[in-house]
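> Submitted below is the structure of interest, expressed as structure tokens.
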Amino acid sequence: MKERFRLSPQTALVLDAFLETPRSWRYGYDISRDTGLKSGTLYPILIRLADHELVETRWQTTESGKPPRHMYRLTPEGLRSARAQLRDYGHRKSSMVVLREAKT
């Protein structure tokens, strides 16, 4: 696997959406709807996750006359990484809240 990347709040949302049904294929539109992210934010995240081999992709053809749809799913390594990164992200986020409250 490639080096670990910085987990942005938006990427955390995407990984969290995948973890709701970790072995299922998801359409980009469904992920966008679940996360509230616009396509200009979502698709670069999905590409980066695929580049890091955390997400696999495929095209699904639908009824004739309709364009194929791009689908995404966590790889086994992506599942492990998503769980670990979100756990670490939660700890960092909690620590930031505690530090912020201590300053006030």
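> Within the set of pairs 6 or more residues apart or between chains, which connect a residue that is touching a residue at least 24 places away in the same chain (Cβ under 8 Å) inside region 25-41 to a residue that is of a type in the set (G, A, S) with Cβ atoms less than 7 Å apart?
Every condition considered, the pairs that remain are I31/A17; T35/A17.
> Among the listed residues E101, E3, which satisfies the condition of being open to solvent by 70 Å² or more (accessible area, probe 1.4 Å), modelled with pLDDT under 95 and not in a helix (DSSP H, G or I)? Please lay out each step first, then the result.
Numbers: E101 fails: not in a helix (DSSP H, G or I).
Checking each option against the conditions leaves just E3.
> Moving on to the next point. Go through region 37-89 residue by residue and tally those that are out of contact with any helix residue (DSSP H, G or I) (no Cβ under 9 Å at 6 or more places or on another chain) and of a type in the set (G, A, S).
5
> Now for a different question. Which ones in region 49-61 are of a type outside the set (V, I, T) and either surrounded by 13 or more Cβ atoms within 10 Å (Cβ to Cβ) or touching a residue at least 24 places away in the same chain (Cβ under 8 Å) (or both)?
Taking region 49-61 as the starting set, the residues that turn out to be of a type outside the set (V, I, T) are 49-54, 56, 58-60.
Once the filter is applied, which keeps residues that are of a type outside the set (V, I, T) and either surrounded by 13 or more Cβ atoms within 10 Å (Cβ to Cβ) or touching a residue at least 24 places away in the same chain (Cβ under 8 Å) (or both), region 49-61 yields L49, A50, D51, H52, E53, L54, E56, R58, Q60.
> Give the number of residues within region 16-48 that are open to solvent by 70 Å² or more (accessible area, probe 1.4 Å), assigned to a loop (DSSP other than H, G, I, E, B) and within 21 Å of P76 (Cβ to Cβ).
So the count comes out to 1.
> May I pose another question? Kindly provide the set of residues from region 60-90 that are assigned to a loop (DSSP other than H, G, I, E, B) and either of a type in the set (K, R) or at negative phi (or both), ordered by number.
So in region 60-90, the residues assigned to a loop (DSSP other than H, G, I, E, B) come out as 61-68, 75.
Passing the criteria: T61, T62, E63, S64, K66, P67, P68, T75.
The values are calculated or read from the model by the stated rules, or taken from the named source; none is laboratory data. The shown structure was predicted, so the numbers you read here are calculated from the model rather than taken from an experiment. Positions of Cβ are backbone-derived with ideal geometry, glycine not excepted, and every protein chain shown enters the neighbour counts. Just the protein is used for accessible areas: all its heavy atoms, side chains included, with ligands, DNA and RNA removed. Shrake-Rupley method; radii C 1.70, N 1.55, O 1.52, S 1.80 Å.
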